[in-house]
1. Taking the simple approach of a point 7 Å from Cα along Cα-to-Cβ for both LEU64 and ALA104, what is their distance in nm?
2. Calculate the dipole size of region 1-127 relative to its Cα centre from +1 charges on Lys and Arg beta carbons and -1 charges on Asp and Glu beta carbons; express the result in debye to the nearest 20.
3. Using a basic spin-label model with each label point 7 Å from the Cα along Cα→Cβ, how many nm lie between LEU112 and GLU30?
4. What length, rounded to one decimal in nm, is gained on full extension from GLU43 through to ARG189, with 0.36 nm per residue of separation minus their alpha-carbon distance?
5. For LYS100, which lysines qualify as cross-link partners when the Cα separation must be under 18 Å and same-chain residues fewer than eight apart are set aside?
6. Based on the Cα atoms of region 5-221, what semi-axes does the equivalent ellipsoid have, where each is the square root of 5 times one gyration tensor eigenvalue, given in whole Å with the largest first?
7. How about LYS41: which lysines have a C-alpha closer than 29 Å to its C-alpha, ignoring those fewer than 8 places off in the same chain?
8. In region 26-81, which GluC sites (Glu not before Pro) are in a loop and have at most 12 other Cβ atoms within 10 Å, using DSSP for the loop call?
Amino acid sequence: MDIGAFSYCFSPEGRSSKIHFGSNAIVSGEGTVSTPMFMNKEEPWFYYLNLEAVSVEETRIETLETPFHAVDGNMIIDSGSAYTYLPASYCSLVREAVEKVARAERVTYDNLDMLCYKTDTMDIFPVITMHFSGGADLVLGKNNTYMGLNGEGAICLIIVCGGPLAPNQAIFGNKAHNNFLVGYDLSSRRYCYRCDMCLGMRKYFPLSRLIYGCLGCRIWISC
């Protein structure tokens, strides 16, 4: 299927999300940021972004001089994964920066390898920004990077150390996309995003089921 471009907007939990194809899927306008997309010959069904750094408030953690550093893509875009994953050694630096800012009691769970705090407010947590190649800075909202645990009275960082399949794997998951209009321009190999209120996008088709390998990435799509 040669559609040239597609875009989607993930709404908050419990709401319908939307997708659009072709010329109507181009993400543009004020506040739009774009970065190159890459493909890996070993995994041609995925698109990659090139993450250069992560900032926790004013603390910038570069990938340069770490094994994670790359110039041709180091992070899979996978909207079928809920969480964002970073290589364990690099992720530990991001966690340490969050720990320096968050002021609450740490809590741990035997079956959950996440940085969690006993709190009912996200106000204690720092803002996290992802810096992609080409000067594309994605300032994430608190709901994109932290999540409350139902019935536990705790909130956790949902940037997870070590990928689901390998400790050095990096994945850009769907919770980081919530309330962003995300566009894939396949002809120019650009990944574009703009902060949007997804609930107001009525002209998009509803996303209803998960398929794998569609256009080289995982997307929620009603085909």
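Just so it is clear, none of the values below were taken in a lab; they were calculated from the coordinates. Treat the numbers as computed from the prediction; the structure is a model and nothing was measured. Here the Cβ positions follow ideal geometry from the backbone for every residue, glycine too, while neighbour counts run over all protein chains shown.
1. Rounded to a tenth, the inter-label distance reads 3.5 nm.
2. Numbers: 9 positive and 19 negative charges, 54 e Å.
For region 1-127, the charge dipole is close to 260 debye.
3. 3.9 nm
4. Working: separation 146, 0.36 × 146 = 52.56 nm, distance 1.62 nm.
Gain in length upon complete extension: 50.9 nm.
5. Answer for LYS100, where 18 Å is the Cα cut-off: LYS118, LYS142, listed by chain and number.
6. On the way: eigenvalues 146, 86, 52 Å².
Working from the Cα gyration tensor, I get semi-axes of 27, 21, 16 Å.
7. LYS175
8. Details: sites: GLU30, GLU42, GLU52, GLU57, GLU58, GLU62, GLU65; in loops: GLU30, GLU42, GLU57, GLU58, GLU65.
Loop-located and lightly packed - GLU30, GLU42, GLU58, GLU65.
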